[in-house]
Amino acid sequence: MRLWQNPASPFARKVRIVVRELGLTARVEEIATAVSPVSPNADLAKQNPLVKIPALLTDTGEVLYDSSVICEYLDAQHGGARIIPDGAARWNALRLQSLCDGILDAAVLCRYESAVRPEALRWNDWVQGQFTKIRNGLDTLAAESLSWGTQFGIGQIGAACVLGYLDFRFAEENWREPRPQLAQWYESVKARASVAATVPS
Ligand code: BEZ
């Protein structure tokens, strides 16, 4: 399989952590891919019309996107413990993944706003609206993290990507200070091989 990814992308990181957690590293070639919202990568556009990473070429020649579809596909490619559970627990795990994806959507939009959009066109109220989503989402993660224990399924993988991305791009947000329980949980997963090997850069 081939995975188009970028080491700064939190959505690509989610898939890269899943690859490692599932023991699939030998089967997935990671291709570092430049992405920009204003000058689309023509090579990537041949794989994904949305010109977004991550995108995965399967061994049977199909290209899959987005990150949640790729994670689900990878989870079906191995015989070990599932990162997306079956049965009643499935829906909560998928909801938690969606919460993390939503926080990341808002954070990446804010990143583009400050790094790409010309200063004269920036709209502070809109940015603050995105930050409200991020902070509300973090509060929910903080409350839920109290019951996670040592679980590290798709929801917790998403949470690790959220917190790693905020440290990488929005360190000044200081998300830990009002949420010490979430900070404690993050400390407990940072040393995992899959998380340590995929720190954004
Ligand atoms: C970033 O540089 O923050 C970034 C790169 C790729 C996708 C999303 C975010």
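Structure above, values below:
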item: Boolean, PHE152 is modelled with pLDDT of 95 or more and either farther than 22 Å from TRP175 by Cα or within 16 Å of the ligand (Cβ to nearest atom) (or both); result: no
item: Extreme residue, farthest from ASN6 (Cα to Cα), among residues of region 181-201 that are within 16 Å of the ligand (Cβ to nearest atom) and open to solvent by 70 Å² or more (accessible area, probe 1.4 Å); result: VAL199
item: Residue, farthest from VAL199 (Cα to Cα), within region 7-35, restricted to residues that are under 13 Å from the mean Cα position of the chain (by Cα) and open to solvent by 30 Å² or more (accessible area, probe 1.4 Å); result: PHE11
item: VAL35, sole failed condition from (1) modelled with pLDDT of 95 or more; (2) closer than 21 Å to ASP167 by Cα; result: (1)
item: Members of region 168-180 that are assigned to a helix (DSSP H, G or I) and either in contact with a Ser or Thr (Cβ under 6 Å, 6 or more places away or on another chain) or surrounded by 16 or more Cβ atoms within 10 Å (Cβ to Cβ) (or both); result: PHE168, ARG169, GLU173
item: Residue within region 141-158 that is aromatic (Phe, Trp, Tyr) and in contact with a helix residue (DSSP H, G or I) (Cβ under 8 Å, 6 or more places away or on another chain) present; result: yes
item: Candidate set: region 118-134, residues that are more than 15 Å from the chain's Cα centre (by Cα) and either within 16 Å of the ligand (Cβ to nearest atom) or surrounded by 16 or more Cβ atoms within 10 Å (Cβ to Cβ) (or both); chosen: the one nearest to ALA159 (Cα to Cα); result: LYS133
item: Test: ALA93 is touching a Lys or Arg at 6+ places or on another chain (Cβ under 6 Å) and open to solvent by less than 50 Å² (accessible area, probe 1.4 Å); result: no
item: Residue identified as part of a helix (DSSP H, G or I), within 14 Å of the ligand (Cβ to nearest atom) and of a type in the set (Gly, Ala, Ser) among GLY164, GLY137, GLY158; result: GLY164
item: Top-ranked residue in region 47-78 [being among the aliphatic types (A, V, I, L, M) and open to solvent by 40 Å² or more (accessible area, probe 1.4 Å); ranked as farthest from LEU22 (Cα to Cα)]; result: LEU50
item: Total residues in region 143-167, condition within 25 Å of ASP86 (Cβ to Cβ) and surrounded by fewer than 16 Cβ atoms within 10 Å (Cβ to Cβ); result: 5
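The values are calculated or read from the model by the stated rules, or taken from the named source; none is laboratory data. None of the values given here were measured: they were computed from a predicted structure. FYI the Cβ positions are ideal-geometry reconstructions off the backbone, even for glycines, and counts take in every protein chain you see. In case anyone asks, the SASA skips ligands and DNA or RNA and just uses the protein heavy atoms, side chains included. Shrake-Rupley method; radii C 1.70, N 1.55, O 1.52, S 1.80 Å.
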